[in-house]
Amino acid sequence: MNFPDKIIWITGASSGIGKSLAIALSKHQTKLILSSRNEKELISVKNACENPENVKILPLDLENYKSLAAKVEEALTLFGGVDILFNNGGISQRSFAKDSSIEVDKRIMDVNYLGTVALSKALLPHFIEKNNGHFVVITSIVGKIGTPLRSSYAASKHALHGFFDSLRAEVYQNNIKVTLACPGFVQTNISINALTGNGTAQNKMDSATKNGLTPETFAKKLLKAVRQEKQEVYIGGFKEKLAVYVKRFFPKLLSKIIRKLAVT
């Protein structure tokens, strides 16, 4: 896959990974649709892109997943179609299961899982009609392994793997690709905005997040994987990626390690 002349839609594009993806992709003569809840920040990202005249803003709220079919209809009018959807929007968690209200669990699933699935399903007929398309789904290393303080977040990311692995098999004959990207720690606002047990934001940066990859480095590695049409890719530090393989081959060992982690 080559990016020039592609029409690319990015959710969660107002900051962090989404912002870095937008700026990087704007250097490839792409046409971009940028979405998040924060229209002001989307405009700022647009202005930071090369050729901002090729960037359109489409605010949306993934939590309001019943509204997303209309957003897809609007998106398809902006440049006449969509070639790649980067499902990047989402929200994290920093609370023990015993301390988390069911409303927090529901909100995380509504945003991370149902919002992403609803948007993708609404766009799917367009991909099928043109017999081409690519879903890129930003999940997490926690979509492969569960850690303390992230029970519902991990569940939402595991769910995305189940849905999109199934979807990949269903739409193979339609020349539709699916790439599941699993970040480790990346220097974004994800821990600042993460929900605590009562639904309020944590409002502080985790040390592990602060010391993670830069969003620019992550975006560069992800775009390489998308260009190669990889089905699944792990992008993070050595220990984070190693944990995925330890889980696969030595699950009891990983469980022991996870119990002793000072997770933030």
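Read the figures in this text as sums done on the coordinates, not as results from a lab. What you are looking at is a predicted structure, and each value in this text was computed from that prediction instead of being measured. Positions of Cβ are generated from backbone atoms using ideal geometry, with glycine treated the same way; all protein chains shown enter the neighbour counts.
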(message) Quick check on PHE185: is it without any contact (Cβ under 8 Å) to a residue 24 or more places away in the chain and within 21 Å of the chain's Cα centre (by Cα)?
(response) no
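Looking only at residues in the range 240-252 that are among the basic types (Lys, Arg) and touching a residue at least 24 places away in the same chain (Cβ under 8 Å), which one is surrounded by the fewest Cβ atoms within 10 Å (Cβ to Cβ)? Full working, then the answer.
As a first pass, look at the range 240-252 and keep what is among the basic types (Lys, Arg): 241, 247-248, 252.
Remaining after also requiring touching a residue at least 24 places away in the same chain (Cβ under 8 Å): 241, 247.
Values: LYS241: 16, LYS247: 18.
Going through the qualifying residues, I end up with LYS241.
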(request) Working only within the range 206-217, note down all residues that are touching a Ser or Thr at 6+ places or on another chain (Cβ under 7 Å) and either outside any loop (DSSP other than H, G, I, E, B) or surrounded by fewer than 16 Cβ atoms within 10 Å (Cβ to Cβ) (or both). (result) SER207, ALA208, THR209, PRO215, GLU216
(message) Just to be sure before I move on: is VAL233 touching a helix residue (DSSP H, G or I) at 6+ places or on another chain (Cβ under 6 Å) and either closer than 20 Å to THR116 by Cα or aliphatic (A, V, I, L, M) (or both) in the structure I sent?
(response) yes
(message) Restricting to the range 108-146, and then to whatever is buried (at least 17 other Cβ atoms within 10 Å of the Cβ) and among the polar types (S, T, N, Q), can you tell me which residue is farthest from GLY236 (Cα to Cα)?
(response) SER120
(request) From ALA159, ALA201, grab the single residue that is without any contact (Cβ under 8 Å) to a residue 12 or more places away in the chain and surrounded by fewer than 23 Cβ atoms within 10 Å (Cβ to Cβ). (result) ALA201
